[in-house]
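Here's the structure, in structure tokens; my notes come after.
The values are calculated or read from the model by the stated rules, or taken from the named source; none is laboratory data. All values derive from a computational prediction rather than experimental measurement. To get the accessible areas, we keep the full protein, side chains included, count just its heavy atoms, and leave off ligands, DNA and RNA. Shrake-Rupley method; radii C 1.70, N 1.55, O 1.52, S 1.80 Å.
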Amino acid sequence: MTHPTSPEVAGRIEDLYGAPLTDLTARARDQPPGMLSALLGMHDDLADAERSIAVHRARLAQLIHPERQIDGHEASHVLDCARRLAEAVAVRDVQARAVSAVLRSLGRVPAPQKPPDRTPDAPAVPVVSTVPARSVPGLSAARSR
């Protein structure tokens, strides 16, 4: 089963957030924990597992080299290294599946769009009332004084 590698995951995170991983790491330190810090943590765990696989694979290749004698003492080292390699592969697979699922569920939010420039509205036309004014008793007498 093919899983994304840590560089592929880093690229997806950079695409999602629109910034390089180093900038995102600095930004995550300045913010409360959230999705960005979770993704960066998952990426780090995936990268650690990949490094562990490389180390244990190289060590196992040394231990089982055709010119090397494997006695009882060496056999325990071979078995231990193989176990550690299997554990690192299992961790890598789990981390890769989890981060891949999370990244698939997220989409980049488009940058906020500036509202279109509006043309100024025409000045408001005063509304003329068609209802005749009511006479108020005593008002007309007060005006004539």
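At a probe radius of 1.4 angstrom, the accessible area of region 47-104 per residue rounds to 65 square angstrom. What a 1.4 Å probe finds exposed on region 1-102 is 57% carbon and sulfur by accessible area, rounded to a whole percent.
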